[in-house]
Amino acid sequence: MSDTLFSKIIRREIPADIVFEDDEVLAFRDINPQAPTHVLFIPKRAIATLDDATDNDQALLGRLMLAAARWAREQGLAERGYRVVMNCRDDGGQSVHHIHLHLLAGRRMTWPPG
Ligand code: DGP
C-alpha cells in the first residue's frame, strides 16, 4: 500500500499531538476535531481499510478498540460516554487510507450520523 500521512506521523516526519503510544498502537488528536475530544487510534502496521483486514488482524483490531476504551477511561470520559467510529472507503467517509478509530467525546452525539 502507498504511504499515508499517518505513516509519516508514526515515523515522526510530520508533527501530531500524540496522546498514547505502545508497541502496536498510536493515538493522536484529530487535526479537524468534531467534538471537544477527538482522537484517532491507529495501528502502527498499516491496513488501508477495514475491508482489507483479515483474520490475521483480529488481535490488532481488538487492541485498537481496547486502547481507545482504556484511554477514555483514564481521561474520565467513560462515565458520560463517547463514540468510536471507523469509516470505510468513500461512502463511509474515509479520507486517509490507513485504518483509524475515531474517539469522539465531550458532547452529546446525534444519531443517525449525517
Ligand atoms: P477519515 O475521514 O475517517 O479518513 O478521518 C481522517 C481524519 O484524519 C480526519 O478527521 C482528519 C484527520 N487528519 C487528516 N490529516 C491529518 C493530519 O495530518 N494530522 C492529524 N492530526 N489529523 C489528520
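The values are calculated or read from the model by the stated rules, or taken from the named source; none is laboratory data. In this text the structure is predicted, and so the values were computed from the model without any measurement. Here the Cβ is made from the backbone with ideal geometry for all residues, glycine too, and neighbour counts use every protein chain on show. In case anyone asks, the SASA skips ligands and DNA or RNA and just uses the protein heavy atoms, side chains included. Shrake-Rupley method; radii C 1.70, N 1.55, O 1.52, S 1.80 Å.
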Note to self: Give me the percent of accessible area attributable to carbon and sulfur for the stretch 1-113, probe 1.4 angstrom.
What the structure shows: 50 percent
Item checked: Filtered trypsin sites (Lys or Arg not before Pro), the stretch 67-114: DSSP coil and at most 16 other beta carbons within 10 Å -> ARG80, ARG107, ARG108
Margin query: Output wanted: per-residue J couplings in Hz (rounded whole) for the stretch 37-50, from phi through Karplus 6.51 cos²θ - 1.76 cosθ + 1.60, θ = phi - 60°, x for Gly and Pro.
Written below: 10, 9, 10, 9, 9, 10, x, 5, 7, 6, 10, 5, 9, 4
Notebook entry, point to check: Rounded, prolate or oblate: which fits the stretch 60-112 when a ≥ b ≥ c are the square roots of the eigenvalues of the alpha-carbon gyration tensor, with rounded for a/c under 1.5 and prolate only if a/b beats b/c?
Noted result: oblate
Notebook entry, point to check: Relative to the longest principal axis of the chain, what angle (0 to 90°, nearest 10) does the C-alpha long axis of helix 58-74 take?
Noted result: 30 degrees
Item checked: Within-13-Å neighbourhood charge of ASN87 [Cβ basis; K, R +1; D, E -1] -> -2
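Once you list every other residue whose beta carbon is under 14 Å from the beta carbon of ALA48, what net charge do they have if Lys and Arg are +1 and Asp and Glu are -1?
Values: positive: ARG45, ARG89; negative: ASP3, ASP51, ASP52, ASP57, ASP90.
Neighbour charge sum, excluding ALA48 itself: -3.
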Check: Cα-based Rg of the chain per 2.2 N^0.38 Å, rounded to two decimals?
Finding: 1.02
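What does the accessible area per residue of the stretch 1-76 come to in Å², with a 1.4 Å probe and no ligands, DNA or RNA counted? Walk me through the numbers on the way to the answer.
Details: 4440 Å² over 76 residues.
Roughly 58 Å² per residue, with all protein chains present.
What is the local net charge at ARG70, summed over the other residues whose Cβ is closer than 12 Å to its Cβ (Lys, Arg +1; Asp, Glu -1)?
Working: positive: ARG63, ARG73; negative: ASP22, GLU74.
Once all neighbours under 12 Å are counted, the net charge is 0.
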